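Colleague: Below is the structure I would like to discuss, written out as structure tokens.
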Amino acid sequence: MWSCWGAALGAAVSVPVLLLVAAPYIRRYVAGGQCKSTAKLEGKVVIITGANTGIGKETARDLARRGARVIVACRDIAKAEAAASEIRAETGNQQVIVKKLDLADTKSIREFAEKFLEEEKELHILINNAGVMLCPYSKTADGFEMHLGVNHLGHFLLTFLLLERLKQCAPARIVNVSSLAHHGGRIRFHDLHGEKSYNRGLAYCHSKLANVLFTRELARRLQGTKVTANALHPGSVHSDLVRHSFVMMWLWKIFSFFLKTPWEGAQTSVYCAVAEELDSVTGQYFSDCQPAYVSPRGRDDETAKKLWSVSCELLGIQWD
């Protein structure tokens, strides 16, 4: 009997010891790939949406450190100014500029683009990073379901409005932050705005699939322009993206050890923005700084073309 208790006690003690020994290896695996490029970006102009927090802020910090003029495009100006001030102080780069952008309002998107094109003569990198996740059912100022409106249509319109400047400054890059969640998505053309049925988890997946399909079709249309477009999965990152779900926030806290830090999550965004080996790579999807598997729905060219057409119609633009 005592031998059984001894064995049980030994097993109980050995589990935390094993975890302690394994912890560095677990963290190394969770951290994923890192961008090894030492490319400098002096003289380059970058726009990063949603760069006041999370992976967007870390991406802005990295590119500012490389010497870029970084436009922090955010809805919350106070938070954006605080983030920009922190980045300027840390990197010594005073060219970290805040501009107002609300992706849930096409009027704000158009105003942002108009002011940017008036004030800035160049644009070399556009990182469509901002996003919402697990929102209760709601609509944007223009009546679009929130996930679709912010994550896809907002960035679709922004890219459309800035594309000529990117072409003029080519070689240039467009980086779209998607997610592994695109595997669970589908483009429900019969109910794009979730008015017939709505699940906020699936709505997020649908919008991330839209990011992948948009990237695919955009890259096809940009062939020969020296403007590339790539999408990426940043990993499961400990950030406030899950703020709309109490359960997810609770789980994120408990399992934070198994989540990437914002800096780790930003690595693939930085890689897609600066890596020299990607100079002519376009229409691809990356994770952990390497090519990753795209779901069959994410490789459907017909759906990509239809989504492009429907997006133009919804936004009232003509993009041939």
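Colleague: Which of the following residues is out of contact with any Phe, Trp or Tyr (no Cβ under 9 Å at 6 or more places or on another chain) and modelled with pLDDT of 95 or more: 107, 100?
Modeller: On the way: 100 fails: out of contact with any Phe, Trp or Tyr (no Cβ under 9 Å at 6 or more places or on another chain).
None of the others qualify; the one that does is 107.
Colleague: Which one is nearest to residue 131 (Cα to Cα) among residues in the range 40-90 that are open to solvent by less than 20 Å² (accessible area, probe 1.4 Å) and part of a loop (DSSP other than H, G, I, E, B)?
Modeller: The residue in question is 50.
Colleague: Looking at the range 277-320 only, could you name the residues that are over 25 Å from residue 144 (Cα atoms), open to solvent by 70 Å² or more (accessible area, probe 1.4 Å) and touching a residue at least 12 places away in the same chain (Cβ under 8 Å)?
Modeller: Scanning the range 277-320 gives 279, 280, 284, 290.
Colleague: Considering every residue within the range 118-138, establish whether at least one is more than 19 Å from the chain's Cα centre (by Cα), surrounded by fewer than 18 Cβ atoms within 10 Å (Cβ to Cβ) and part of a helix (DSSP H, G or I). First the steps, then the outcome.
Modeller: Of all residues in the range 118-138, those more than 19 Å from the chain's Cα centre (by Cα) come to 118-122, 136-138.
Then keep just the ones that are surrounded by fewer than 18 Cβ atoms within 10 Å (Cβ to Cβ); that gives 118-122, 136-138.
Going one step further and asking which of them are part of a helix (DSSP H, G or I), we end up with 118-119.
Yes, because at least one residue in the range 118-138 is more than 19 Å from the chain's Cα centre (by Cα), surrounded by fewer than 18 Cβ atoms within 10 Å (Cβ to Cβ) and part of a helix (DSSP H, G or I).
Here's the yes/no breakdown for (1) touching an Asp or Glu at 6+ places or on another chain (Cβ under 8 Å); (2) of a type in the set (Gly, Ala, Ser):
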residue: 126; (1), (2): no, no
residue: 136; (1), (2): no, no
residue: 140; (1), (2): yes, no
residue: 160; (1), (2): no, no
residue: 166; (1), (2): no, no
residue: 169; (1), (2): yes, no
residue: 189; (1), (2): no, no
residue: 194; (1), (2): yes, yes
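Colleague: Then there is this: Kindly list the number of the only condition in (1) within 16 Å of residue 175 (Cα to Cα); (2) in a helix (DSSP H, G or I) that fails for residue 231.
Modeller: That leaves (2) as the condition not met.
Colleague: How about the range 145-167: which of its residues are touching a residue at least 24 places away in the same chain (Cβ under 8 Å) and open to solvent by 20 Å² or more (accessible area, probe 1.4 Å)?
Modeller: Of the residues in the range 145-167, the ones touching a residue at least 24 places away in the same chain (Cβ under 8 Å) are 145-163, 165-167.
Listed by number, the residues that qualify are 146, 160, 161, 165, 167.
Colleague: Still on this structure: Please determine, by comparing only the residues of the range 29-39 that are of a type in the set (S, T, N, Q) and touching a residue at least 40 places away in the same chain (Cβ under 8 Å), which one is most open to solvent (accessible area, probe 1.4 Å). Write out each step before concluding.
Modeller: First, the residues of the range 29-39 that are of a type in the set (S, T, N, Q): 34, 37-38.
Going one step further and asking which of them are touching a residue at least 40 places away in the same chain (Cβ under 8 Å), we end up with 34, 37.
Values: 34: 86, 37: 20 Å².
Step by step, filter the range 29-39, then rank; the result is 34.
Colleague: Identify, please: which residue in the range 91-104 is part of a loop (DSSP other than H, G, I, E, B) and aliphatic (A, V, I, L, M) and is, among those, surrounded by the fewest Cβ atoms within 10 Å (Cβ to Cβ)?
Modeller: First pass over the range 91-104, keeping only residues part of a loop (DSSP other than H, G, I, E, B): 92-95, 101-104.
This time we only want the ones that are aliphatic (A, V, I, L, M), so: 101, 103-104.
Details: 101: 26, 103: 27, 104: 20.
Among residues in the range 91-104 that are part of a loop (DSSP other than H, G, I, E, B) and aliphatic (A, V, I, L, M), the one surrounded by the fewest Cβ atoms within 10 Å (Cβ to Cβ) is 104.
Colleague: Still on this structure, I have one more. Looking only at the range 197-256, filter to residues that are hydroxyl-bearing (Ser, Thr, Tyr) and open to solvent by 20 Å² or more (accessible area, probe 1.4 Å); which one of those is modelled with the lowest pLDDT?
Modeller: Within the range 197-256, the first condition is being hydroxyl-bearing (Ser, Thr, Tyr), and the residues that meet it are 197-198, 204, 207, 215, 225, 228, 236, 239, 245, 256.
Next cut, open to solvent by 20 Å² or more (accessible area, probe 1.4 Å) only: 197-198, 204, 225, 236, 239, 256.
On the way: 197: 96, 198: 97, 204: 96, 225: 98, 236: 71, 239: 51, 256: 55.
Looking at residues that are hydroxyl-bearing (Ser, Thr, Tyr) and open to solvent by 20 Å² or more (accessible area, probe 1.4 Å), I get 239.
The values are calculated or read from the model by the stated rules, or taken from the named source; none is laboratory data. Only a predicted model underlies this, so the values are computations on that prediction, with no experimental measurement involved. Heads up, the Cβs are rebuilt from the backbone with ideal geometry, glycines too, and the neighbour counts pull from every protein chain shown. To get the accessible areas, we keep the full protein, side chains included, count just its heavy atoms, and leave off ligands, DNA and RNA. Shrake-Rupley method; radii C 1.70, N 1.55, O 1.52, S 1.80 Å.
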